[in-house]
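Take a look at the structure set out below.
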Amino acid sequence: MARTVAIAGAGSIGVAFAVLFASAGFTVRMWDALPSVFDRARDDLNNRLAMLGDHGLIAEPAGEISGRVTFHEILLDALRGAELVQECVPEQLDIKREVFQQLGAYSEKHAVLASSSSAIVSSEFATATPARERVLIAHPGNPPYLIPVIELVPSEYTTEETVDKATEIYRAAGLKPVRVRKEVEGFVFNRLQGAVLREAYCLVRDGVASVEDIDEVIRSGLGRRWSVIGPFETVDLNTRGGIESHAAKMGPAYERMGLSRGQTDPWTPDLVRVVTEQRRAALPLDQWESRVRWRDEALMRLKAHFEGGPVAARPAVRTPFRL
Ligand SMILES: NC(=O)c1ccc[n+]([C@@H]2O[C@H](COP(=O)([O-])OP(=O)(O)OC[C@H]3O[C@@H](n4cnc5c(N)ncnc54)[C@H](O)[C@@H]3O)[C@@H](O)[C@H]2O)c1
């Protein structure tokens, strides 16, 4: 029998989760407080699946996948048989509390109750229900059928069993769950995005660069690399001797940049030691050269992809590919 998930809230993220789960073979039961949104949600679902089909990214005809998604006006109907409920209602504490109170009351006894919340931590609304041990944040990238990471953020009430079940379900749907160990506003995804955006706004304000040029630096620079390795691995591989050597050489400059923005969070020797230990556990220094080659090959594949394939296979006159 197909596994079942329920989705509460049929807006952008709710529909995107429906695309993800239905494409992975799950039965999806959707509910929204405003059933008038269902027509738009159905159209969005069909359009997204058709686009995925055009790119060869679904294993079945789009119609078969959308056939696994049903829309329900009554919450109780949507929750029937669901092992996971993905809450996708607006980012407002009062709405989240009201919805979780109902999910706690009407969901299957062992269902995981996951919130897509972008910044609000779940301990602020899990207390609305006695089923608080089954509540956690599962914050996706947008859209989750294209951005595979999902942040799992348990609260002090969440059981390990809930986190394990959620991890298994999201993996079965093709996502890469990341565990966030403490409740902090914005979790990891939006805190990192926030750090970049805060600096980007300052650079525009100070006349250092235009909006378009800053986007280009990310698109053709940092972002290109970050799609294969993260910021820690980037600097680990950029400096012979690894991240410890990078921190020694570049730490003071980064500290001055932080201070110029009123931020005093130096990379202390203890902190650098913790980061270095984790990097060396992931990549012993004697494998550094081969990992640099691996990175370059990954970037070569990306370059060929963005520029339309290997040089020999390209037409003589071509329009450069641009995202
Ligand atoms: N849009 C993004 O990029 C993004 C990314 C990650 C996470 N999120 C989070 O996902 C959640 C949903 O965001 P969205 O962008 O899909 O919002 P949205 O406004 O597109 O959709 C929200 C849906 O909730 C419904 N709704 C409103 N009040 C409700 C209620 N009381 N009970 C049930 N349904 C109700 C609305 O009718 C609407 O269909 C938010 O917490 C948001 O922060 C959004």
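Key figures for this structure:
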| quantity | calculated |
| --- | --- |
| Enumeration of residues in region 30-49 that are within 11 Å of the ligand (Cβ to nearest atom), open to solvent by 10 Å² or more (accessible area, probe 1.4 Å) and in contact (Cβ under 8 Å) with a residue 40 or more places away in the chain | Trp31, Ala33 |
| Among residues of region 107-134, those that are within 19 Å of Thr4 (Cβ to Cβ), more than 13 Å from the ligand (Cβ to nearest atom) and surrounded by 17 or more Cβ atoms within 10 Å (Cβ to Cβ), counted | 6 |
| Residue under evaluation Gly223, criteria (1) without any contact (Cβ under 8 Å) to a residue 40 or more places away in the chain; (2) open to solvent by 70 Å² or more (accessible area, probe 1.4 Å), criterion not met | (2) |
| Hits in region 240-263 (condition: under 16 Å from Glu199 (Cβ atoms) and either acidic (Asp, Glu) or open to solvent by less than 30 Å² (accessible area, probe 1.4 Å) (or both)) | Ala253, Glu255, Gly258 |
| Flag if Pro266 is farther than 28 Å from Ser117 by Cβ, surrounded by fewer than 14 Cβ atoms within 10 Å (Cβ to Cβ) and not small (Gly, Ala, Ser) | no |
| Which numbered condition Glu183 fails, given (1) touching a helix residue (DSSP H, G or I) at 6+ places or on another chain (Cβ under 8 Å); (2) part of a loop (DSSP other than H, G, I, E, B); (3) open to solvent by less than 30 Å² (accessible area, probe 1.4 Å) | (3) |
| Single condition Ile150 does not satisfy, out of (1) under 18 Å from Arg179 (Cβ atoms); (2) within 14 Å of the ligand (Cβ to nearest atom); (3) over 18 Å from the mean Cα position of the chain (by Cα); (4) not acidic (Asp, Glu) | (3) |
| Only listed residue being within 11 Å of the ligand (Cβ to nearest atom), within 19 Å of Ser12 (Cβ to Cβ) and among the hydrophobic types (A, V, I, L, M, F, W, C), chosen from Val85, Val89 | Val89 |
| Of the criteria (1) in contact with a Phe, Trp or Tyr (Cβ under 8 Å, 6 or more places away or on another chain); (2) touching a residue at least 60 places away in the same chain (Cβ under 8 Å), which one Thr234 fails | (2) |
| Residue in region 14-29 that is nearest to the ligand (Cβ to nearest atom), counting only those that are within 13 Å of Arg42 (Cα to Cα) and of a type in the set (Val, Ile, Thr) | Val15 |
| Set Val180, Val188: member being under 17 Å from the mean Cα position of the chain (by Cα), more than 24 Å from Val5 (Cα to Cα) and not small (Gly, Ala, Ser) | Val188 |
| Among the candidates Gln86, Gln101, Gln92, residue that is in contact (Cβ under 8 Å) with a residue 24 or more places away in the chain and either open to solvent by 30 Å² or more (accessible area, probe 1.4 Å) or of a type in the set (A, V, I, L, M, F, W, C) (or both) | Gln101 |
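The values are calculated or read from the model by the stated rules, or taken from the named source; none is laboratory data. Quick caveat, the model's predicted, so the values are computed rather than measured. A quick note on method: Cβ atoms are made from the backbone with ideal geometry, for glycine too, and the neighbour counts reach across all protein chains shown. Calculation scope for accessible area: heavy atoms of the full protein, side chains included, ligands and nucleic acids excluded. Shrake-Rupley method; radii C 1.70, N 1.55, O 1.52, S 1.80 Å.
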